[in-house]
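Below: the structure, in structure tokens.
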Amino acid sequence: MDTLEIQKGNICTVTLTFKDEDGDVYDLTAKTVFFTMKDPDDFEADDDDAIITKDITSHTDPTNGITTLTLSATQTDVAVGRYKCDLRLYDEGSVQINTSTFFANVVEVVTKRTS
């Protein structure tokens, strides 16, 4: 995945497709996708200090490996900066796949008024 740009305090929606090393899609039926965004210096063995976590259990097109990551405005209301992220595909207690680490840039928005 390329760098993800998140506008601070705005909803962020990203469509994701999970494929194996041969390019075949993973069937996401009954699987959970975990998204985690952490400080780049967070090397803890758990996700307790993660900036954002999201569990995805309902998928857009599970048999074709497609799901949607949707972060609420509240979830994205974090400090502006660069964070490390990944996704984990999980099935009934056994890890299937972690993506490569990618980065998210949380950027400030210019317009802030609501009326």
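Some notes on this structure:
- Any hit, the stretch 23-35, residues being surrounded by fewer than 17 Cβ atoms within 10 Å (Cβ to Cβ), free of Cβ contacts under 8 Å to residues at least 12 places away in the same chain and part of a loop (DSSP other than H, G, I, E, B): yes
- Total residues in the stretch 17-42, condition modelled with pLDDT of 95 or more and closer than 13 Å to Asp86 by Cβ: 8
So that you can scan it fast, the table gives a plain yes or no per residue for (1) of a type in the set (Asp, Glu); (2) within 14 Å of Thr99 (Cβ to Cβ):
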{"residue": "Lys19", "(1), (2)": "no, yes"}
{"residue": "Gly23", "(1), (2)": "no, no"}
{"residue": "Thr29", "(1), (2)": "no, no"}
{"residue": "Phe35", "(1), (2)": "no, yes"}
{"residue": "Asp39", "(1), (2)": "yes, no"}
{"residue": "Asp46", "(1), (2)": "yes, no"}
{"residue": "Asp49", "(1), (2)": "yes, no"}
{"residue": "Ser58", "(1), (2)": "no, no"}
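- Number of the condition not met by Ala45 [criteria: (1) in contact with a His (Cβ under 8 Å, 6 or more places away or on another chain); (2) aliphatic (A, V, I, L, M); (3) not in a strand (DSSP E or B)]: (1)
- Of all residues making up the stretch 59-102, the number that are in contact with an Asp or Glu (Cβ under 9 Å, 6 or more places away or on another chain), modelled with pLDDT of 95 or more, of a type outside the set (Lys, Arg) and in a strand (DSSP E or B): 4
- Hits in the stretch 17-39 (condition: over 21 Å from Glu92 (Cα atoms) and either β-branched (Val, Ile, Thr) or under 15 Å from the mean Cα position of the chain (by Cα) (or both)): Met37, Lys38, Asp39
- Residue in the stretch 91-110 that is within 12 Å of the chain's Cα centre (by Cα), among the β-branched types (Val, Ile, Thr) and under 18 Å from Asp55 (Cα atoms) present: yes
- The residues in the stretch 60-90 that are more than 11 Å from the chain's Cα centre (by Cα), over 23 Å from Val25 (Cβ atoms) and surrounded by 15 or more Cβ atoms within 10 Å (Cβ to Cβ) can be counted, and the count is 4.
- Qualifying residue in the stretch 29-41 (condition: farther than 29 Å from Lys112 by Cα, touching a strand residue (DSSP E or B) at 6+ places or on another chain (Cβ under 8 Å) and aliphatic (A, V, I, L, M)): yes
The values are calculated or read from the model by the stated rules, or taken from the named source; none is laboratory data. Just so it is clear, the model here is predicted, and its values are computed rather than measured. Neighbour counts run over all protein chains shown; Cβ positions are idealised from the backbone, glycine included.
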